[in-house]
Amino acid sequence: MAFTPTPRQLTAIKSIAFMLALVPFFALVYLVATDQLVEPLQYITRNTGSWTLYFLCITLAVTPLRRLSGWNWLLKLRRMMGLYAFFYALLHFTTFLWFDHFFDVQEMLKDVVKRPFITVGFTAFVLLVPLAVTSTNGMVRRLGGKRWQMLHKLVYVIAPLGILHFWWMRAGKHDFNKPILFGLIVLVLLGMRAWWARAGKPVTRGLTQGSDPR
């Protein structure tokens, strides 16, 4: 029998998930504040980028986990996980804009055009923005269910772009272990969706009453 939390239990689960998702950020702030990082810029860039990919994978994993376990309440956590992916992506981008270019947007855009791995990462971040902006119930109503669903399928493009950005970034050091791992995880998660769709079991079910828009 599938576990179904009571409203109070679900609130507790969401609160715990919210706080746990902030742990990497507070840990990063602590390390910077106590001057424990040998190369702060490199560490912050790498750390925020990795956590962006972690939360993208977690967000993509919600639907398969819900389908396999029957725990429809997991959908209540997906929006939060997606917004945390954007939060860490914003930190990652801000680090690039602030410390690499000191908020010189023109120089930043030149860098984006000049270096392919930055172009890919910047594209992924730009595509994340409309997903974050339209994450509220009000925006779902304004856009309409079908248009909202189509827009949020951009995550299927964003995740591979993020991995490609990570891959190119690690290419200079010939360190591909983590990019390969992330790539395999996303491949499995997207492959499951493709399998279900081909088998006539659509992932999308609507936006209310245990809905599953992604």
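The values are calculated or read from the model by the stated rules, or taken from the named source; none is laboratory data. These numbers come from a predicted model, not from an experiment. Cβ sites come from the backbone with ideal geometry, for glycine too, and all protein chains shown count toward neighbours.
Points to keep in mind about this one:
- Top-ranked residue in segment 9-33 [being of a type in the set (Val, Ile, Thr) and modelled with pLDDT of 95 or more; ranked as nearest to LEU77 (Cα to Cα)]: ILE13
- Taking the criterion of being surrounded by fewer than 17 Cβ atoms within 10 Å (Cβ to Cβ) and either within 15 Å of ILE118 (Cα to Cα) or of a type in the set (D, E, K, R) (or both), the residues of segment 144-159 that qualify are LYS146, ARG147, LYS153.
- Every listed requirement among (1) of a type in the set (D, E, K, R); (2) within 17 Å of ALA159 (Cβ to Cβ); (3) loosely packed, with under 14 Cβ neighbours inside 10 Å is met by ARG78 save one, (3).
- Pairs, first crowded, with 18+ Cβ neighbours inside 10 Å in segment 36-56, second of a type in the set (A, V, I, L, M), C-beta under 6 Å, six or more apart: ASN47/LEU28; THR48/LEU91; THR52/ALA85; THR52/ALA89; PHE55/MET81; PHE55/ALA85; LEU56/ALA85; LEU56/ALA159
- Matching entry among ILE180, ILE185 (being β-branched (Val, Ile, Thr), farther than 18 Å from THR63 by Cβ and either modelled with pLDDT of 90 or more or assigned to a helix (DSSP H, G or I) (or both)): ILE180
Listed here are the residues, each with its yes/no results for (1) charged (D, E, K, R); (2) at pLDDT 95 or above.
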{"position": "VAL113", "(1), (2)": "no, no"}
{"position": "PRO116", "(1), (2)": "no, no"}
{"position": "THR119", "(1), (2)": "no, no"}
{"position": "VAL129", "(1), (2)": "no, yes"}
{"position": "ARG142", "(1), (2)": "yes, no"}
{"position": "LYS146", "(1), (2)": "yes, no"}
{"position": "LYS153", "(1), (2)": "yes, no"}
{"position": "ILE158", "(1), (2)": "no, yes"}
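- Put simply, of THR4, THR11 the only residue that is farther than 20 Å from ILE158 by Cβ, outside any helix (DSSP H, G or I) and β-branched (Val, Ile, Thr) is THR4.
- From the list LEU190, LEU154, LEU161, the one residue that fits, being within 21 Å of the chain's Cα centre (by Cα) and in contact (Cβ under 8 Å) with a residue 60 or more places away in the chain, is LEU190.
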